[in-house]
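What follows is a single structure, written as structure tokens, with notes after it.
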Amino acid sequence: MPAQTRPAALRDPQGRVLDYLRLAVTDRCNLRCRYCMPADGIALVDHDDVLRFEEMERLCRLLVTRGVRKIRITGGEPLVRRGVVDFMARLGALPGSPEILLTTNGVLLRGRLDDLRLAGVRRINLSLDSLDPATFETIARRDVLADVLPLLDEIPAAGLGLKVNVVVLPGVNDHELPDFVELTRDRDLTVRFIEPMPFDGTGLLAGRSIDGDGILEILNSRVHLERAVGDPRGVDEIYAVEGWRGRVGLIRGHSRTFCATCSRLRIDAQGALRTCLYGAARVSLRTLIRTGATDDELIAAIGAAVAGRFDDGHAAARDRDDPAHQSMASIGG
Ligand code: SAM
Ligand code: SF4
């Protein structure tokens with residue numbers, strides 16, 4: 001398509017371009033991470049209310065025409081949904097060839113790395129909160145660390161980029177921060193420490209919280225990190241130990257220090273569109289699709305949601321009349 005006829009990018013009132021979609025393909029999960037959901041899980045959506053892959057593909061195709069370049073497949077646990085790898089391949093083959101990324105707990109990932117690479121996936125975010133089996137089980141409420149640990153070597157060996165996401169839980173896994181940094185000594189990967197957020201399905205995070213400064217304080221007392229250059233539009237501050245191969249990131253998700261450059265849209269498994277993690281859903285794209293909306297009507301609804309985007313996550317949260325009691329698994333974290 002010649003540049004002059006290309007439809008305008010999705011731009012919010014603050015001038016931020018939204019070119020990154022986080023798409024939750026399911027709200028189901030095979031773990032029960034204590035910061036994400038209660039022990040007996042979250043109330044699951046009826047299968048009929050979850051978007052079908054064809055519906056998701058239609059939305060992605062439309063969004064790509066409006067400048068979305070990156071689509072992250074998330075959930076719930078994306079790999080529990082049958083057919084998800086083929087679906088990712090179809091998204092990667094859309095006109096404009098958007099970058100397709102995956103966030104996963106890794107439990108079902110071993111043996112599927114070649115399929116993912118063939119499907120066009122280049123990078124994987126692996127959520128891994130402990131390197132110790134007992135602590136892992138305390139956090140995830142499942143004893144499956146052995147299924148995940150080999151991936152730290154297998155993902156890079158399969159030629160895929162790797163970021164390891166660690167939610168820091170004071171008194172639970174904060175003593176392991178130096179062990180996680182140690183992973184960056186010889187491996188070409190990034191370990192990212194994340195502030196816990198109150199999206200655990202109850203609105204009240206069980207246990208103490210910690211912010212980015214608190215995480216840095218622990219790190220600096222144990223290892224010598226230097227600030228490094230990261231993606232200016234990324235959500236993570238990047239650090240590294242001099243001479244080590246990998247990098248260390250810090251994500252101040254709860255402090256919300258990166259809203260000024262946030263480029264993210266979210267569509268949850270039911271097809272609700274959010275322009276901010278902390279805000280309410282703006283429109284049900286599923287309802288529009290299933291009542292016969294045309295592509296132009298869908299684009300108009302998405303454009304209207306983007307036009308109503310708040311300055312930052314604090315303002316978006318203030319606008320909600322209900323406190324955010326949702327789990328990240330249902331929002332599409
Ligand atoms: N199941 C997949 C996984 O765990 O990678 C994808 C979905 S999960 C909701 C996506 C990310 O959200 C994970 O990295 C997880 O650690 C993070 N997350 C979930 N609840 C969180 C919370 N309350 N605070 C901070 N991060 C959270
Ligand atoms: Fe499942 Fe991911 Fe939530 Fe853990 S963080 S319970 S793996 S959706």
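The values are calculated or read from the model by the stated rules, or taken from the named source; none is laboratory data. Computed from a prediction, not measured in an experiment: that's the story for all the values here. When we count neighbours, we look across all protein chains shown, and the Cβ atoms used for this are built from the backbone with ideal geometry, even at glycine. Surface areas here come from the heavy atoms of the whole protein model, side chains and all, with no ligands, DNA or RNA. Shrake-Rupley method; radii C 1.70, N 1.55, O 1.52, S 1.80 Å.
I need the trypsin sites (Lys or Arg not before Pro) found in region 171-267, filtered to DSSP loop residues with at most 11 other beta carbons within 10 Å of theirs.
Loop-located and lightly packed - ARG185.
Keeping the other protein chains in place, figure out the carbon and sulfur percent of the accessible area of region 20-331, with a 1.4 Å probe.
49 percent
Over all directions, average the projected area of the Cα convex hull of the chain and note it in nm².
Average of the hull's projected areas for the chain equals 16.5 nm².
May I ask you to list the chymotrypsin sites (Phe, Trp or Tyr not before Pro) in region 235-333 that are in a DSSP loop and have at most 10 other Cβ atoms within 10 Å of their Cβ?
Sites meeting the loop and neighbour criteria: none at all.
Taking a probe of 1.4 Å, how large is the accessible area per residue of the chain, in Å²?
About 44 Å² of surface per residue is accessible.
Taking only complete DSSP H runs, can you tell me which helices of the chain stretch 15 Å or more along their own long axis by Cα positions and average at least -1.0 on the Kyte-Doolittle scale?
53-65, 212-222, 295-307
Treat every Asp and Glu Cβ in the chain as -1 and every Lys and Arg Cβ as +1, leave all other atoms uncharged, and give the resulting dipole magnitude about the Cα centre to the nearest 20 debye.
I would put it at about 940 debye.
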